[in-house]
Amino acid sequence: MTTTRAGIQSAEGIRALAQAGAIAAPLPFAPDQVQPASLDLRLGTRAWRVRASFLPGPGRRVADRLAGIALHEIDLTKPVVLETGCVYIAELAERLALPHDLAASANPKSSTGRIDVFTRVITDRAREFDIVEAGYEGPLYAEISPRTFPVLVRAGSRLSQLRLRRGEVRLSDEELAALHARETLVAAATPSFQNGVAVSVDLSGFGPQRLVGYRAKRHTALVDVDAAGAHATEDYWEPLHASSDGSLILDPGQFYILASKEAVHVPPDYAAEMVPFDPLVGEFRVHYAGFFDPGFGHAGANGAGARAVLEVRSRDVPFILEDGQTVGRLVYERMAERPAILYGAGAGSNYQAQGLKLSKHFA
């Protein structure tokens with residue numbers, strides 16, 4: 001049975017919701033589709049290239065809006081290339097019929113963000129992207145826009161993930177500080193708690209070559225989103241090494257993979273989410289928010305020392321990023337129950353104990 005306690009639903013709660021009909025799909029869940037605190041969403045069989053991004057708005061269905069702005073329909077029952085600079089809307093295989101007190105939010109999967117594919121989930125009557133209102137009943141769609149690499153997708157590809165929550169369960173800054181005192185959320189000498197716990201960028205360098213990150217190359221071959229380890233790193237990425245002054249100039253329009261200076265820890269009874277830092281402090285942003293499942297960086301799940309990987313873009317002008325500069329914040333939420341299997345202890349945990357790491361697609 002699903003728990004009625006407030007909190008983020010665990011893998012066990014998600015499976016129970018599916019059994020109760022709150023989550024429906026034409027095919028059973030894949031073995032690694034349900035994560036400790038989230039559900040991967042699969043592409044359905046149809047997509048449309050559209051003229052522009054949109055929200056349906058109150059009283060309007062996504063299908064009705066597509067009738068006016070779709071350029072052509074795409075059959076996803078076979079592999080299809082999605083081109084950079086284009087916007088696509090795809091049906092998702094999963095549908096929802098949520099209880100009146102259960103809401104959801106979506107984010108790109110870690111592997112999606114690390115290949116610079118911008119994706120957001122849309123519902124009928126939505127006024128916001130990636131937000132599913134409590135009690136929503138209906139289909140789900142994904143807006144997909146590859147920014148750097150063309151990508152190969154098909155029905156069943158998983159680009160987004162869904163987190164289901166009951167009640168308001170985000171920790172206040174005071175609660176975060178108390179949890180940090182017990183559990184050490186970030187390995188920082190003087191952590192900052194202000195609308196979450198601060199995360200800074202490491203530009204001092206990893207390993208003997210003092211690697212600080214990667215800058216995506218342009219005009220590459222495509223990336224098959226379902227092919228782990230099938231793409232040569234050097235064909236897609238330019239390595240970046242530490243400078244003498246610990247800085248990095250972000251070029252407008254370029255995409256970077258960097259890593260946090262702090263090791264990050266998500267205790268088993270909590271889930272976390274990376275949110276962009278206040279843009280008023282600089283002309284850059286951590287490009288994609290991301291979910292961190294219970295057990296990420298947890299020593300008991302083989303994750304001690306795990307860094308947060310950062311997908312970074314400059315906005316409109318070149319911007320100098322400094323070693324140790326705050327680039328994002330982690331917000332923590334309570335779980336409704338502790339998941340039976342933590343992140344890193346089961347299938348699908350590609351980034352446990354990570355340092356500076358590209359997506360699973362590259363070898």
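The values are calculated or read from the model by the stated rules, or taken from the named source; none is laboratory data. Owing to the predicted nature of the structure, the values given are computational and were not obtained by experimental measurement. When we count neighbours, we look across all protein chains shown, and the Cβ atoms used for this are built from the backbone with ideal geometry, even at glycine. These area figures cover heavy atoms from the full protein model, side chains too; ligands, DNA and RNA do not enter into them. Shrake-Rupley method; radii C 1.70, N 1.55, O 1.52, S 1.80 Å.
Let me confirm something: among THR148, THR123, THR119, which residue is touching a residue at least 12 places away in the same chain (Cβ under 8 Å) and touching a helix residue (DSSP H, G or I) at 6+ places or on another chain (Cβ under 7 Å)? Show your work before the answer.
Values: THR148 fails: touching a helix residue (DSSP H, G or I) at 6+ places or on another chain (Cβ under 7 Å); THR123 fails: touching a helix residue (DSSP H, G or I) at 6+ places or on another chain (Cβ under 7 Å).
Among THR148, THR123, THR119, only THR119 is touching a residue at least 12 places away in the same chain (Cβ under 8 Å) and touching a helix residue (DSSP H, G or I) at 6+ places or on another chain (Cβ under 7 Å).
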Query raised in the report: Within the bounds of the stretch 135-158, is there any residue that is open to solvent by 40 Å² or more (accessible area, probe 1.4 Å) and either among the aromatic types (Phe, Trp, Tyr) or more than 30 Å from ALA216 (Cα to Cα) (or both)?
Result: yes
Query raised in the report: Would it be correct to say that GLU262 is among the acidic types (Asp, Glu), modelled with pLDDT of 95 or more, in a strand (DSSP E or B) and out of contact with any helix residue (DSSP H, G or I) (no Cβ under 9 Å at 6 or more places or on another chain)?
Result: no
Report task. Could you grab me the full set of residues in the stretch 77-109 that are surrounded by fewer than 21 Cβ atoms within 10 Å (Cβ to Cβ) and either free of Cβ contacts under 8 Å to residues at least 12 places away in the same chain or not in a strand (DSSP E or B) (or both)? Result -> THR77, LYS78, PRO79, GLU83, THR84, GLY85, CYS86, LEU98, PRO99, HIS100, ASP101
Query raised in the report: Would you call GLY253 within 30 Å of PRO339 (Cβ to Cβ), open to solvent by less than 60 Å² (accessible area, probe 1.4 Å) and either out of contact with any helix residue (DSSP H, G or I) (no Cβ under 7 Å at 6 or more places or on another chain) or modelled with pLDDT of 95 or more (or both)?
Result: no
**Report entry** Boolean, LEU71 is touching a helix residue (DSSP H, G or I) at 6+ places or on another chain (Cβ under 6 Å) and either polar (S, T, N, Q) or outside any loop (DSSP other than H, G, I, E, B) (or both)
**Finding:** no
Query raised in the report: What number of residues in the stretch 17-53 are aliphatic (A, V, I, L, M), part of a strand (DSSP E or B) and either open to solvent by 30 Å² or more (accessible area, probe 1.4 Å) or farther than 27 Å from ASP64 by Cβ (or both)?
Result: 2
**Report entry** Residue under evaluation GLY303, criteria (1) surrounded by 20 or more Cβ atoms within 10 Å (Cβ to Cβ); (2) at positive phi; (3) out of contact with any strand residue (DSSP E or B) (no Cβ under 6 Å at 6 or more places or on another chain); (4) modelled with pLDDT under 90, criterion not met
**Finding:** (2)
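Looking only at the stretch 316-338, filter to residues that are part of a loop (DSSP other than H, G, I, E, B) and under 17 Å from PRO276 (Cβ atoms); which one of those is farthest from the chain's Cα centre (by Cα)?
Let us first name the residues in the stretch 316-338 that are part of a loop (DSSP other than H, G, I, E, B), namely 316-318, 323-325, 336-338.
Add one more test, that the residue is under 17 Å from PRO276 (Cβ atoms), and what stays is 316, 325.
Numbers: ASP316: 23, GLN325: 22 Å.
Only one residue tops the list, namely ASP316.
Applying the selection to the stretch 110-125, what residues are in a loop (DSSP other than H, G, I, E, B) and either surrounded by fewer than 21 Cβ atoms within 10 Å (Cβ to Cβ) or among the hydrophobic types (A, V, I, L, M, F, W, C) (or both)? Show your work before the answer.
Our first condition is that a residue be in a loop (DSSP other than H, G, I, E, B); within the stretch 110-125, this holds for 114-116, 124-125.
Correct list: ILE115, ASP124, ARG125.
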Query raised in the report: Taking the stretch 210-249 as the region of interest, how many residues are under 22 Å from the mean Cα position of the chain (by Cα) and either acidic (Asp, Glu) or open to solvent by less than 60 Å² (accessible area, probe 1.4 Å) (or both)?
Result: 15
